[in-house]
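J.: First the structure, which I've put down as C-alpha cells, then a few questions once you've had a look.
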Amino acid sequence: METMLSNMTLLIAAIGILAFVVSLITQVFKGVGVLAKIPTDILVFILSIAITVVAFIAYMQHIQIAIIWYMYVAAVIAGFIVAFVSMYGWEKLSDLWKRFYKGAK
C-alpha cells in the first residue's frame, strides 16, 4: 500500500511538472511564425503527447526497464491528461482563487 501511494504521488507530481513545461513552451511558441496559424489547443495536444512520451521513454531508460507496446499507449493517454491540465488547470485554479478571494472581502 505504501509503494502504491508513493507511486501515485510521483505520478501526480510528474503530471504537474509536465503540464507546467507544456504551458511554458506553449506561451513562448504560440505566436511564432507558422505556429501562430495553428489553434492553441491543437498545439497543446501535440506538445503534451510528445513531451509526455519522450519523458516516459527517458525515465524507462533511466531505470533500465524494457518498454512494452502498451506502455506507449499509457504514455499517450497520460499525454491527454497533461494536455487537459495544461489547458484547463490554470484557468480553474484562477477561478477558484478569484471566488475565494472575492468571498474574503
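We did not get these values from a lab; they are worked out from the coordinates using the rules stated. Just so it is clear, the structure is predicted and the values come from calculations on it, not from any experiment. Don't worry about glycine lacking a Cβ; one is built from the backbone with ideal geometry, like all the others, and counts go over all protein chains shown.
J.: Two decimals, Cα atoms only, Kirkwood Rh: what is Rg/Rh over the chain?
T.: 1.07
J.: What is the sum of charges, Lys and Arg at +1 and Asp and Glu at -1, for the other residues whose Cβ falls under 12 Å from the Cβ of L43?
T.: Values: positive: K30, K37; negative: D41.
Residues near L43 contribute +1 overall.
J.: Now, a different point. Based on the Cβ-Cβ distance from D41 to M4, what FRET efficiency comes out when R0 is 35 Å, to the nearest 0.05? Display every interim value, and only then the final one.
T.: Numbers: r = 33 Å, r/R0 = 0.95.
Computed FRET efficiency for D41 and M4 comes out at 0.60.
J.: Once label points are set 7 Å from the Cα along Cα→Cβ at both I17 and F80, what is their separation, rounded to one decimal in nm?
T.: Result: 2.5 nm between the two label points.
J.: Here's something else I'd like to know. Checking the a/c ratio against 1.5 first, then a/b against b/c, what shape does the Cα gyration tensor give for segment 1-54? Write down the numbers at each step before the final one.
T.: Working: a/c = 4.40, a/b = 3.32, b/c = 1.33.
Here segment 1-54 falls in the prolate category.
J.: List M4, M87 from most exposed to least, where exposure is judged by having the fewest other Cβ atoms within 10 Å. Could the numbers behind the result be given before it?
T.: Values: M4 8, M87 18.
In increasing order of surrounding Cβ atoms, one gets M4, M87.
J.: V28 to L93: extension gain in nm, 0.36 nm per residue of separation minus the Cα-Cα distance? Please list the in-between numbers first.
T.: Details: separation 65, 0.36 × 65 = 23.40 nm, distance 2.10 nm.
Stretched out fully, the V28 to L93 stretch lengthens by 21.3 nm.
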